[in-house]
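What follows is a single structure, written as C-alpha cells, with notes after it.
Nothing in this text is a laboratory measurement; each read-out follows from the coordinates by a stated rule. These numbers come from a predicted model, not from an experiment. We place every Cβ from the backbone using ideal geometry, glycine too, and count neighbours over all the protein chains shown.
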Amino acid sequence: MSKKFYITTPIYYVNARPHIGHAYTTIACDTIARRQRLLGAETFFLTGTDEHGQKIERAAEAAGKTPQQYADEISAEFKALWKRMGISNDDFIRTTEARHEKRVQELFRKLRDNGFIYKGTYTGQYCVSDELYVDGAQPGDPCPTCGRITETVHEENYFFKLSAFQDKLLELYKNPEFIRPEARRNEVISFVKSGLRDQSISRSTFSWGIPVPDDPKHIIYVWFDALANYITAIGYGSSHAGAQEAFKKFWPADVQMIGKEIVRFHCVYWPAFLMAAGLPLPKAIVAHGWLLFEESKMSKSRGNIVRTETILDVLGADALRYFLLREVVFGQDGSFSFDALVQRYNSDLANGLGNLASRTLTMINRYFKGEVPDPSQASKTAAEDAIAESACRTIREFGTHFDQFQFSRALESAWSLIAAVDKYIVENEPWALGEKQDETSRTRLGTVLYTAAEALRIATVLAYPVMPDATARIWLQLGQGDIKKVDLVNLAWGQLPPGTKLGEVQPVFPRADKSAVERMQRMEEEQRGATVEVQGSDTAKQASAPIPAANTAANGKISIDDFTKVELRVGLVKVAERVPKSDKLLRLEVDIGTEVRQILAGIAEAYAPETLVGRKVVIVANLAPRKLRGLESNGMIVAASLEGDKPVLAGFLEDVPIGARLK
Ligand SMILES: [Zn+2]
C-alpha cells in the first residue's frame, strides 16, 4: 500500500493581491509536494482563498463592488499566478464555494452537538483588519497585531469553549514535531499557559459570511470558516461516499504550512476545534518567517510589496523558487532584494548547475557523438570514487535536511556536489584528453565525462522539486524522459546507462546582466505609480519614478484621465492629537474602510483635536507618503485654503459611508 501525504498552504485572504510573500509559502509547499510524489507517496496539495469577513465586505463597498465580485477578482488572480508558476496543487478551495459552506455548517453543528458551543454576549474590542477579538482591550486601544485602533463590538454571539482545551493543548505541544520551529512552539506554549478564554465564533452586525446553522442572523466567525477549509476541501461533512473516503484517506494533514503571524490561529484554535469535533490532529504545523524588503515586512499599507510577475518576466519561476529556498533560512525572517536575486542566479544557476550541464553535455556531443560513454573500469581512479561517494553522501544529506524543512542546507549540500564535480573536471581536463588520439586517453575521457554526467543527473533529480522546469529540461538533454517519473527512493550512483542518447543541448540558465536588476526595479516602480491601491513607503523612490507623459491640454486644463488619477475618499477620524513642538500639525488616524491611515494635517490652529474624532473628512488616498517631523503622513486631508484665515475641512451635508470614493 502506498503512503499518503497531505500538505496545505494557508488559504490567502482576498484583501490583497498576490505578492512574493504569498508565493514564498506556496513555493515551499509545492517543493515538498513534488518531492513526496517522487518518493512515491500519494500526495494531495491544497491551496485556496479565504473570502469572507467584515474586512472584505468593507473593501468591496469601498471599491463599489459586491463582496462576491470583489472576492472573485482577487481569487482569480491567485489562481492565475499559481498556474503561471506551475504550482502543482491538486485542489484550490474558495470559502465562498457551496461545498465549503455546507461542510463548515456541519462542523459547527458537530461542535454544538458535542457541547462546545454556547450562546452568550460579547462586549469587547475587535480588530477588523485582522478579524481578531482582542481580549482585555479597552475602547480606543490599538490592536496588538497591527496597531490599528480596535472597534468596540457588543453582540449576542456564539462562543466556543476554548477554555476546556488548555490542558489538552499543552499536552499536545509536548510533541516537538507539532509546532515548528522551536521558537514558535515556545511562544504558543506560553500563550496557552497564560490562560485561555472562551472564544466568540459568530458575528451578527454584518452579513458577509456563512450563516450559523438554524440561526441565520448570525454568521460564523471568519477564522472558524477559514480554518475548516483544510478538512472541507477533502470531504469532511459531505454525504457523498467518495468524499468521505477521500477525507478518511488524507486526513490528518502531514504538513500545514503557515506564516508566523497566524501561528495562534493554527496552533491553538485549530487543534481545539478538531479536538472538539473528535477529529485527528495534523501532524505538523510549520511556520515560516517573513520576507523583508528594504528591512521591513512586505505589506500593502507599507507599500513595499514586490510582485511575483516582475521576477517571472525577467528571470522565470525557477530562479525565484531557488532564491527563496536557498537564501532564506526556513523559519526565520529573510530579506529579499533584486540585487541578491540576480547575484544568486548568476553564481548558483548560470555558473553552477547550468554551466555544469552545458559543458558536460557539449563535450559528450563533441567527443562521443551525443551518446553517454562507458566508464571503463580500467581507467577508474580515486578521483571517480570520491565523486561517487560525494554523490551518495549528498543524496542522504539532502533528504535529511529537506525533511527537517532546512531547504537552504539541503540545496547547499547539492551545490557542494556541483562544486566538487566542477573541480574534478578542471583537474582532469577532458578537453585536453579529447585532443589526443590514443586509446588510453579516449578511455579516460569516457570515464571523466560519464562521471560528470552521472553527478549532473543526481544533482538534477535532487533539485527537481525546487526547480521543476529547469531540471525537466536538463533531464531531457540527458536523454532521460519525464523527470516526474523518477524513483527517488532508489536513487543511487551508476544508474545512467552508457549509450544513452542525449537530447538537444541548450543553455538552461542564460547569464543575467546588470540590467536585469534595473529592469525589475523599473517594472515595480511603474506598477506602484499605476496602482492607486498600493502605497509607496519609500518616498525617495516615488519621487524618482519616471513620470508618465501628462495628458495636459494646451490651455492648462487637465483631462478626465488625469483627474481620475487622484483618489479622493471619505474617511472617519479615529484619533487626533497634537504633534509635539508643532503649532500647526495634528496627527490623525483616519479609517478609510480598507485600513486606518496616519495622516499629518496642518490644521492645529483651526481645530482642537478632540473636535475631530468621529468626524468624516475627505482625503487624497493615493498621495505618496512623506515624512513630517519624523512621522510618516500617508495621504492628505482636503480643506478649503483661505487667504489669511484658517483652513476649513471639506465635508458632506448627507451621511456618506466610510471609504466612499469622490469622483
Ligand atoms: Zn489588527
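Things worth noting here:
- Amide H contacts under 5 Å for Ile258: Val286, Ala287, His288, restricted to partners 5 or more places along the chain or on a different chain, H placed in the peptide plane at 1.01 Å from N.
- Listed residue pairs exceeding 24 Å between alpha carbons, taken from Lys3/Lys102; Lys102/Lys217; Lys193/Lys574; Lys581/Lys646; Lys584/Lys616; Lys193/Lys260: Lys3/Lys102; Lys193/Lys574
- Binning all Cα-Cα separations of the chain at 10 Å, short to long from zero, yields these whole-percent fractions: 3, 13, 21, 22, 18, 12, 7, 3, 1, 0.
- Cys with no candidate disulfide partner in the chain (beta-carbon separation under 4.7 Å rule): Cys29, Cys146, Cys267, Cys392
- Based on DSSP H segments of at least four residues, each scored -39500 (n - 2.57), the chain has a per-residue ellipticity at 222 nm of -12000 deg cm²/dmol.
- Summing Cβ point charges (Lys, Arg +1; Asp, Glu -1) relative to the Cα centre of the range 422-468 gives a dipole of roughly 140 debye.
- Karplus (6.51, -1.76, 1.60) ³J(HN,Hα), θ = phi - 60°, over the range 651-663, in Hz, Gly and Pro reported as x: x, 10, 7, 8, 7, 10, x, 4, x, 4, 8, 9, 8
- At R0 = 60 Å, FRET efficiency that the Cβ-Cβ distance of Ser376 and Lys4 yields, to 0.05: 0.85
- Descending semi-axes in Å of the range 1-111, equivalent ellipsoid built from Cα gyration tensor: 28, 19, 10
- Lys/Arg +1, Asp/Glu -1 at C-beta; the range 140-192 dipole; positive extreme among Leu162, Phe191, Cys146: Phe191
- Estimated distance in nm for a label pair at Ser239 and Leu170, the labels positioned 7 Å out from Cα along Cα-to-Cβ: 4.3
- Dipole magnitude of the range 41-155, debye to nearest 20 (Cβ charges: Lys/Arg +1, Asp/Glu -1, about Cα centre): 200
- Taking packing as the residue-averaged number of other Cβ atoms within 10 angstrom, the listed peptides 586-599, 493-506 run from highest to lowest as 586-599, 493-506.
- Cα gyration tensor, the range 357-501 - rounded (a/c under 1.5), prolate or oblate: prolate
- In order along the range 57-67, the Karplus-derived 3J(HN,Hα) couplings, from 6.51 cos²θ - 1.76 cosθ + 1.60 at θ = phi - 60°, round to 4, 6, 5, 5, 4, 5, 8, x, 10, 7, x Hz, and Gly and Pro are given as x.
- For Lys4, the residues whose amide H sits under 5 Å from its own are Glu42, ignoring neighbours fewer than 5 places away on the same chain, with H placed 1.01 Å from N.
- Charges were assigned to the Cβ only: +1 to each Lys and Arg, -1 to each Asp and Glu. The resulting dipole of the chain about its Cα centre is roughly 320 debye.
- Separation in nanometres of the label points that stand 7 Å from Cα toward Cβ, at Asp339 and Leu642: 5.2
- The C-alpha atoms of the chain define a longest principal axis, and helix 98-113 lies at about 70 degrees to it.
- The Cα atoms of the range 71-219 give a gyration tensor whose axes a ≥ b ≥ c have a/c under 1.5, which makes the shape rounded.
- Among beta bridges from DSSP that stay inside the chain, the antiparallel ones total about 70%.
- Computed lengthening from Arg629 to Ala383, 0.36 nm per intervening residue step minus Cα-Cα distance: 82.0 nm
- Under 5 Å, built H, 5+ apart or other chain: amide partners of Val575: Glu589
- Residue-wise HN-Hα coupling along the range 32-48, computed from phi with Karplus coefficients 6.51, -1.76, 1.60 (Hz; x: Gly, Pro): 5, 4, 5, 5, 4, 5, 5, 7, x, 7, 6, 9, 10, 10, 10, 9, x
- A crude spin-label estimate for the pair Ala98 and Arg661, with each label 7 Å from Cα along the Cβ direction, gives 3.3 nm.
- Relative to its residue count, the range 251-360 spans a Cα convex hull of 143 Å³ per residue.
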